[in-house]
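The values are calculated or read from the model by the stated rules, or taken from the named source; none is laboratory data. None of these values were measured; they are calculated from a predicted model. Neighbour counts are summed over all protein chains in view; Cβ atoms, including those assigned to glycine, are modelled from backbone coordinates with ideal geometry. Side chains included, ligands, DNA and RNA excluded: accessible areas come from the protein's heavy atoms. Shrake-Rupley method; radii C 1.70, N 1.55, O 1.52, S 1.80 Å.
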Amino acid sequence: MQIFIDTNIILNVLTKRNDIFLSQSEKIFQYAIDGFFRGFISEHSFPIMWYILRKGNSEENTRELLENVCNIFDVVNIPREIMLQAIRKKDFHDFEDCLQDECADIINADYLVTCNIKDFVVAKTPILNPEEFLQILEKV
């Protein structure tokens, strides 16, 4: 099973932020580590994570956290042609989420897991919140 993980799931775990999906996000991380699915994240998530993590961590710790993320998840990048398609997509109002969906499509993800389903109404990939994904994963 190939699963694309949105940046907000990663940040829930790395920052322990007060999110309704924190415990589910942690379980998803652990399932990825244990090899229950092949997890992917986008290349463009790293500057976002760097920016947020640096506010509460040293540079050394931030680098270590991001290196750990790279060791758990595969990283997807976006070719120029697909980037241009995403830029032109007027029905996807959050550009960063549009890019997440494009990355999920590139790898033919079974699901894109995110905490903000409402921003993915026009997504190509089936969208699940962490709780919904865990329900599916735990049935397998």
Quiz prompt | Subset of the range 26-52 [farther than 16 Å from I5 by Cβ and surrounded by 14 or more Cβ atoms within 10 Å (Cβ to Cβ)] | solution = W50
Quiz item: Can you name every residue in the range 55-101 that is in contact with a Phe, Trp or Tyr (Cβ under 8 Å, 6 or more places away or on another chain) and of a type in the set (G, A, S)?
Solution: A86
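Residue-by-condition table, conditions (1) touching a residue at least 12 places away in the same chain (Cβ under 8 Å); (2) closer than 22 Å to L11 by Cα; (3) touching a Gly at 6+ places or on another chain (Cβ under 8 Å); (4) not charged (D, E, K, R):
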position: R88; (1), (2), (3), (4): no, no, no, no
position: A104; (1), (2), (3), (4): yes, yes, no, yes
position: Y111; (1), (2), (3), (4): yes, yes, no, yes
position: D119; (1), (2), (3), (4): yes, yes, no, no
position: T125; (1), (2), (3), (4): yes, yes, no, yes
Quiz item: Looking at (1) part of a helix (DSSP H, G or I); (2) out of contact with any Lys or Arg (no Cβ under 8 Å at 6 or more places or on another chain), which is the one condition that is false for C115?
Solution: (1)
Exercise. Report yes if N18 is within 19 Å of N116 (Cβ to Cβ) and either in contact with a Leu (Cβ under 6 Å, 6 or more places away or on another chain) or open to solvent by 90 Å² or more (accessible area, probe 1.4 Å) (or both), otherwise no.
Key: yes
Quiz item: So which residues in the range 19-59 are within 24 Å of E131 (Cα to Cα) and among the small types (G, A, S)?
Solution: S23, S25, A32, G35, G39, S42, S45
Practice problem: Could you check, for the range 119-135, whether at least one of its residues is part of a strand (DSSP E or B) and modelled with pLDDT of 95 or more? | Solution: yes
Quiz item: Cβ-Cβ below 7 Å, separation at least six or inter-chain, first residue in the range 64-86 and farther than 26 Å from L14 by Cβ, second at pLDDT 95 or above: which pairs?
Solution: I82/E102; I82/I106
Self-check item: Single residue of L137, L99 found to be touching a residue at least 60 places away in the same chain (Cβ under 8 Å), surrounded by 12 or more Cβ atoms within 10 Å (Cβ to Cβ) and in contact with a helix residue (DSSP H, G or I) (Cβ under 9 Å, 6 or more places away or on another chain)
Solution: L137
Quiz prompt | Residues of the range 20-54 that turn out to be more than 13 Å from I10 (Cβ to Cβ) and touching a Ser or Thr at 6+ places or on another chain (Cβ under 9 Å), as a count | solution = 1
